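The values are calculated or read from the model by the stated rules, or taken from the named source; none is laboratory data. Quick caveat, the model's predicted, so the values are computed rather than measured. With ideal geometry, Cβ positions are generated from the backbone for all residues, glycine too; neighbour counts draw on all protein chains shown. The accessibility values were calculated without ligands, DNA or RNA, using every heavy atom of the protein model including side chains. Shrake-Rupley method; radii C 1.70, N 1.55, O 1.52, S 1.80 Å.
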Amino acid sequence: MSASTALAIFAAGLAAGTINTIVGSGSLITFPTLLAVGYPAVTANVTNTVGLVPGVVSGSVGYRRELTGQRRRLAVLGVPAVAGGITGAVLLLVLPSSVFRRIVPVLILVACGLVLAQPALSRLAARRGSAEHHGGIGLFATVFATGVYGGYFGAAQGVMLIALLAIFLSDDLQRLNAAKNVLAMLVNGVAAFIFIAVAHVAWGAAGVLAAGSVIGGQVGAKVGRRLSPTLLRTVIVVVGVAVSIDLLV
């Protein structure tokens with residue numbers, strides 16, 4: 001790996017670690033970067049998942065204050081998250097790589113749409129105030145489905161999760177964001193464990209990604225609330241659409 005390649009991957013990891021903690025769409029930066037430096041699509045996806053797990057852990061630690069009182073909630077929702085992550089990771093490994101190449105552009109465009117929709121979902125959650133509302137089976141099922149998506153590909157998984165939490169639960173958005181980080185950590189962690197055991201991981205790239213994403217996770221937790229979410233969403237969507245077009249043509 002050349003120094004310029006390593007620097008590009010590190011910068012992408014740093015950006016993704018920050019974005020994942022704040023918004024949850026960092027893979028729309030790192031996955032295209034790994035493709036651009038020459039990794040095949042499936043290898044890039046596997047390496048991306050493994051490399052970003054430390055950053056998600058870092059972001060979760062940074063949000064530990066907002067996790068106070070959410071242990072039972074996360075214990076319940078962690079079950080479908082882990083089950084979904086396992087299912088998605090297995091699907092990635094057993095389905096032909098051609099399926100992944102065909103479906104990824106669509107998944108990226110869906111993820112971009114969710115990034116754009118996030119402000120409206122946040123406003124919806126804010127209008128609902130603090131009334132009691134419990135997720136029940138609907139949240140359990142949709143967290144599982146999101147986990148499947150996260151284990152298979154995962155870009156904007158965090159956006160999906162915080163959208164679901166905002167719809168099904170009534171709580172402060174910062175607390176929901178903290179819960180989102182933990183659930184994403186569980187999904188990515190179990191998928192990464194499977195990939196490490198049975199798939200080809202580009203360890204050099206994964207290590208550089210991990211280093212950048214750990215720093216980014218702390219940046220996101222400490223100063224992310226002062227960054228412009230509009231700017232972040234714009235960058236993510238532009239990159240995502242460009243990658244989708246490139247993969248489709």
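Here are some notes:
- The helices (runs of 4 or more DSSP H) found wholly in the range 130-249 and carrying at least 1 residues that are closer than 24 Å to residue 67 by Cβ and modelled with pLDDT of 75 or more occupy 136-152, 157-168, 173-198, 203-223.
- Residues of the range 71-122 that turn out to be under 20 Å from residue 172 (Cβ atoms) and among the β-branched types (Val, Ile, Thr), as a count: 1
Listed here are the residues, each with its yes/no results for (1) under 16 Å from residue 183 (Cα atoms); (2) in contact (Cβ under 8 Å) with a residue 12 or more places away in the chain.
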residue	(1), (2)
23	yes, yes
35	no, yes
56	yes, yes
66	yes, yes
77	yes, yes
88	yes, yes
99	no, no
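- Qualifying residue in the range 53-65 (condition: in a helix (DSSP H, G or I), open to solvent by 40 Å² or more (accessible area, probe 1.4 Å) and aliphatic (A, V, I, L, M)): yes
- Filter result for residue 44 (buried (at least 20 other Cβ atoms within 10 Å of the Cβ) and part of a helix (DSSP H, G or I)): yes
- Of the criteria (1) in a helix (DSSP H, G or I); (2) within 21 Å of residue 163 (Cβ to Cβ); (3) touching a Gly at 6+ places or on another chain (Cβ under 9 Å), which one residue 24 fails: (1)
- Of all residues in the range 17-31, exactly one satisfies the criterion of being in contact with a Phe, Trp or Tyr (Cβ under 9 Å, 6 or more places away or on another chain) and not hydroxyl-bearing (Ser, Thr, Tyr), namely 31.
- Filter pass, residue 19 being in contact with a Gly (Cβ under 8 Å, 6 or more places away or on another chain) and in a helix (DSSP H, G or I): yes
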